[in-house]
Amino acid sequence: MVEKITTHQAEDDARNEGILIYVNGELKPKKEAVVSVYDSGFMLGDGVWEGVRLYNGVWAFLDNHLDRLTEASKAIDLDLGLSRDGIKKALLETQVVNNMTSDAHARIMVTRGVKIRPFQHPSLSRSGPTFVIIMEHSRPSAPRPVRLATVPHLRGLPMTQDPKLNSHSKLNCILACIAAEKAGADEALMLDIHGFVNTTNACNFFIVRKGEVWTSTGHYCMNGITRQRVIDLCCINKIPVFERNFSLIDVYGADEAFLTGTFGAQTPVSELDGRIIGSGDLGPVTTRIRSLYKGLINEVCA
C-alpha cells in the first residue's frame, strides 16, 4: 500500500508538546488552550483564519495575510477584536514566548465568539470574538510528489460560500479530500462550475505545458498569496504565465504540475486520476520556480 501524504506534511518536532497557545490575550499550554462548546466556530464554522510562516525571524508576507484576514472579516461582518498592530503584537508575543526564530507556522483563527444558545443566528454570539494563535515548530518534510484525483465537489459560488474566503467552514474541501483518498490519491483536484480545472482541496494548482505556466482564472479559488508570488516571479523572470481556463485534458498532457501554498511553497504533482504527469517527478520549470521563490524569501525575510 502506498503511503498517504499531504501538502502539509511536516517533520515531527518534540518541542511542539511544550508550546504555549494564544487564546484571547492569554498564553496557555496545549491542554489548557480550549474554547467553549458554545463557541460559534465550533458550532457552525463561523469564523476566518490565516496561516503564516516564519523565516529567519520574519513572518513572510505578513501584511498581505493581514489584508486578506481583514477583508474576510469585513465580508462576514466580524469584528476581529484587535487592531492590525494588536494582531502583530500578539503574534510576536506568541513567537517570543515559544522561542521561535525560523521554520515555524502560525494559524491565526478568529470566530464570532461564544453563543448564549446553540442556534445559528449571529446575534446569539454575545461574548466575542474568540481570537486564537496556534504556533508550531514546523519544517516541511521532503515527501514524494503528490497524487491527485478529480472529484465531483466544486468550489463554491460567490453567492453561496465565496471560495476567496478563508473561512472555518471547510466541509466542502474536506469531503473532496475524502473522495480523493477513497480513490487512492493524496488530495483532490476540484473543478469550477464550468468544468474547468480550478484548485485542490487545500492548495492552488499550476501546470506547465511547453515552457508555459498555467493556472486557473482565479475566479473560483482562494486568492493565494503564494500563488500570486509565483505569478509575479514568472513575469519578472520572463517565464510565460497565464491565468486561464483549461480542462482535465490539458492537465493529463502537461509536462509538469505543482501546487502552491503558504506551508509547502511549491509541491510537485506526480499524477492525476492514475495518469502520470510528465516524468512523474519534480520538473525543470518547477525547480526553477522553487529556486526563485526561495531567493524571494531570503530577500524579504533577511
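The values are calculated or read from the model by the stated rules, or taken from the named source; none is laboratory data. Predicted model only: the values in this text are computed from it and were never measured. Don't worry about glycine lacking a Cβ; one is built from the backbone with ideal geometry, like all the others, and counts go over all protein chains shown.
List pairs: first residue in region 286-299 and outside the structural domain of residue 236 (by TED's automatic domain parsing), second residue of a type in the set (Gly, Ala, Ser) and assigned to a helix (DSSP H, G or I) anywhere in the structure, Cβ distance under 6 angstrom, at least six positions apart or on different chains.
none
Where residues in region 267-285 are in contact (Cβ under 8 Å) with a residue 60 or more places away in the chain, not in a loop (DSSP other than H, G, I, E, B) and not β-branched (Val, Ile, Thr), which of them is farthest from residue 139 (Cα to Cα)?
272
Being among the β-branched types (Val, Ile, Thr) and surrounded by fewer than 19 Cβ atoms within 10 Å (Cβ to Cβ) is the filter; apply it to region 93-103 and report the residue that is farthest from residue 127 (Cα to Cα).
For region 93-103, the residue satisfying everything is 101.
Do we find a residue being within 30 Å of residue 159 (Cα to Cα) and in contact with a Cys (Cβ under 7 Å, 6 or more places away or on another chain) anywhere in region 223-245?
Checked region 223-245: at least one residue is within 30 Å of residue 159 (Cα to Cα) and in contact with a Cys (Cβ under 7 Å, 6 or more places away or on another chain).
When both residues are 6+ apart or on different chains and their Cβ atoms are under 9 Å apart, which pairs have a first residue that lies in region 144-171 and is assigned by TED's automatic domain parsing to the domain that holds residue 257 and more than 20 Å from residue 206 (Cα to Cα), and a second that is assigned to a loop (DSSP other than H, G, I, E, B) and hydroxyl-bearing (Ser, Thr, Tyr)?
157/220; 158/220; 161/169
Quick one: is residue 254 among the aliphatic types (A, V, I, L, M) and touching a strand residue (DSSP E or B) at 6+ places or on another chain (Cβ under 7 Å)?
Answer is yes for this residue.
Quick one: count up the residues across region 69-92 that are within 23 Å of residue 36 (Cβ to Cβ) and among the acidic types (Asp, Glu).
Number of matching residues: 2.
Exactly one condition in (1) in contact (Cβ under 8 Å) with a residue 40 or more places away in the chain; (2) under 20 Å from residue 111 (Cβ atoms) is not met by residue 139; state its number.
(2)
Sort out which residues of region 15-34 are β-branched (Val, Ile, Thr) and touching a helix residue (DSSP H, G or I) at 6+ places or on another chain (Cβ under 7 Å), and write them in order of number.
Within region 15-34, 19, 21 meet the criteria.
Could you tell me which residue of region 269-284 is nearest to residue 209 (Cα to Cα), considering only residues that are surrounded by fewer than 22 Cβ atoms within 10 Å (Cβ to Cβ) and of a type outside the set (Gly, Ala, Ser)?
Among residues in region 269-284 that are surrounded by fewer than 22 Cβ atoms within 10 Å (Cβ to Cβ) and of a type outside the set (Gly, Ala, Ser), the one nearest to residue 209 (Cα to Cα) is 284.
Please verify whether region 286-295 includes one or more residues that are surrounded by fewer than 17 Cβ atoms within 10 Å (Cβ to Cβ) and outside any helix (DSSP H, G or I).
No; the residues of region 286-295 include none that is surrounded by fewer than 17 Cβ atoms within 10 Å (Cβ to Cβ) and outside any helix (DSSP H, G or I).
Within region 234-241, is there a residue that is among the hydrophobic types (A, V, I, L, M, F, W, C) and without any contact (Cβ under 8 Å) to a residue 12 or more places away in the chain?
yes
Taking the residues in region 40-92 that are among the charged types (D, E, K, R) and closer than 25 Å to residue 18 by Cβ as candidates, determine which candidate is surrounded by the fewest Cβ atoms within 10 Å (Cβ to Cβ).
89
Residue check: is residue 27 in contact with a Leu (Cβ under 9 Å, 6 or more places away or on another chain), farther than 30 Å from residue 260 by Cβ and surrounded by 15 or more Cβ atoms within 10 Å (Cβ to Cβ)?
So residue 27 passes the test.
Within region 212-221, identify whether any single residue is surrounded by fewer than 19 Cβ atoms within 10 Å (Cβ to Cβ), more than 28 Å from residue 43 (Cβ to Cβ), among the acidic types (Asp, Glu) and without any contact (Cβ under 8 Å) to a residue 12 or more places away in the chain, and answer yes or no.
For region 212-221, residues surrounded by fewer than 19 Cβ atoms within 10 Å (Cβ to Cβ), more than 28 Å from residue 43 (Cβ to Cβ), among the acidic types (Asp, Glu) and without any contact (Cβ under 8 Å) to a residue 12 or more places away in the chain: absent.
When you scan region 1-120 for helices (runs of 4 or more DSSP H) that lie fully inside it, which ones turn up with 1 or more residues that are at pLDDT 95 or above, charged (D, E, K, R) and under 20 Å from the mean Cα position of the chain (by Cα)?
Per the criteria, 62-75, 84-97.
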